[in-house]
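What follows is one structure encoded as structure tokens, with my remarks underneath.
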Amino acid sequence: MDVRAKQILFKMVFGFPNVARGWFRPTSSQPFDSYQMMPAMFSYKIDEDTKLSLFELRHAEKLNALLTQNYEHIREWSAWLKDKERHIENTQEFIKRNLKQFAENNGFGICIWYKGEMAGQIEYNYLDWTNRKTEIGYWLGESFQGKGLVTKSCRVLIDYAFNSLKLNRVEMHCGVENKKSRKIAEKLGFREEGVIRQSGWLHDHFVDYVIYGMLSSEWKDKNQSK
Ligand SMILES: CC(C)(COP(=O)(O)OP(=O)(O)OC[C@H]1O[C@@H](n2cnc3c(N)ncnc32)[C@H](O)[C@@H]1OP(=O)(O)O)[C@@H](O)C(=O)NCCC(=O)NCCS
């Protein structure tokens, strides 16, 4: 990690409101207040029940427990979830890697909270600055499904990608048979752009993925017409 990246991460973690204020300001209708910000640093309130925040090391135990309890459910569509027996050290390493990726301006994972409970994760898998695009991924604990949490969270990350990061394109890649995930992309108005055959190895077989895309201009049109 270069010196500049370390400085940014240090400021984010130890709280310089001016830096933090620029974070998660998805729309001008939801101005950030630095005083409200202080008690729950680096968090973004979507509604009374739902909040997003950057993963921190102190979340490792909760995240480990959520992944362990929901192993079968998440694993069905997530190639990265390998062993059922999860060690806290692996989860701590994941959080550290995530913070490093964030400091390097290369993507980051966000924790989804529902009524104070850790519910799942949403992330920018990468930030491609050359082509000004990203890909969003997500998962929820089984009992947190059906509440629209991922759809709401996607809206925040899409707004942030286009309005703050000034990206031009957001993608979602869904397994052809992952109907719930595809429904989320479709509800958000993403265009189905094609199927990449056998493009991912999922534990013991190849999976065809549908590529959904949203352009900055299309997102602005959709949100202006509301
Ligand atoms: C994908 C995931 C995040 C969806 O969670 P969710 O948004 O709470 O899911 P919901 O149960 O609300 O379903 C989303 C939509 O799909 C619809 N849906 C559910 N089952 C469906 C099915 N079998 N066929 C078609 N649509 C379906 C729901 O009705 C809902 O649409 P609606 O809001 O218009 O009613 C969650 O299932 C998950 O974590 N899965 C495991 C990990 C994963 O698949 N990650 C995505 C990898 S691309």
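No value in this document is a laboratory result; all are computed from the given coordinates. Please read all numbers here as calculations on a predicted model, not as lab measurements. Cβ placement follows ideal geometry from the backbone for every residue including glycine, while neighbour counts extend to all protein chains displayed.
Quick look at the values:
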| read-out | value |
| --- | --- |
| In the range 207-221, the residues that are aromatic (F, W, Y), part of a strand (DSSP E or B) and in contact (Cβ under 8 Å) with a residue 40 or more places away in the chain | Y212 |
| Qualifying residues in the range 55-82 (those that are without any contact (Cβ under 8 Å) to a residue 12 or more places away in the chain and outside any loop (DSSP other than H, G, I, E, B)) - the one farthest from the ligand (Cβ to nearest atom) | R58 |
| Failed item in (1) within 15 Å of the ligand (Cβ to nearest atom); (2) more than 14 Å from the chain's Cα centre (by Cα); (3) surrounded by 13 or more Cβ atoms within 10 Å (Cβ to Cβ), with G120 passing the rest | (2) |
| Residue match in the range 170-183 (condition: in a strand (DSSP E or B), within 14 Å of the ligand (Cβ to nearest atom) and hydroxyl-bearing (S, T, Y)) | no |
| Filtered residues of the range 53-75 (kept if surrounded by fewer than 19 Cβ atoms within 10 Å (Cβ to Cβ) and closer than 13 Å to L99 by Cβ) | S53, E56, L57, R58, H59 |
| Looking only at the range 171-218, and only at residues there that are of a type in the set (S, T, Y) and surrounded by 14 or more Cβ atoms within 10 Å (Cβ to Cβ), the one that is farthest from Y124 (Cα to Cα) | Y209 |
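Okay, residues lined up against (1) out of contact with any strand residue (DSSP E or B) (no Cβ under 6 Å at 6 or more places or on another chain); (2) near the ligand (Cβ under 10 Å from one of its atoms):
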position	(1), (2)
R132	yes, no
G137	no, yes
I158	no, no
A185	no, yes
L188	yes, no
R197	no, no
H203	yes, no
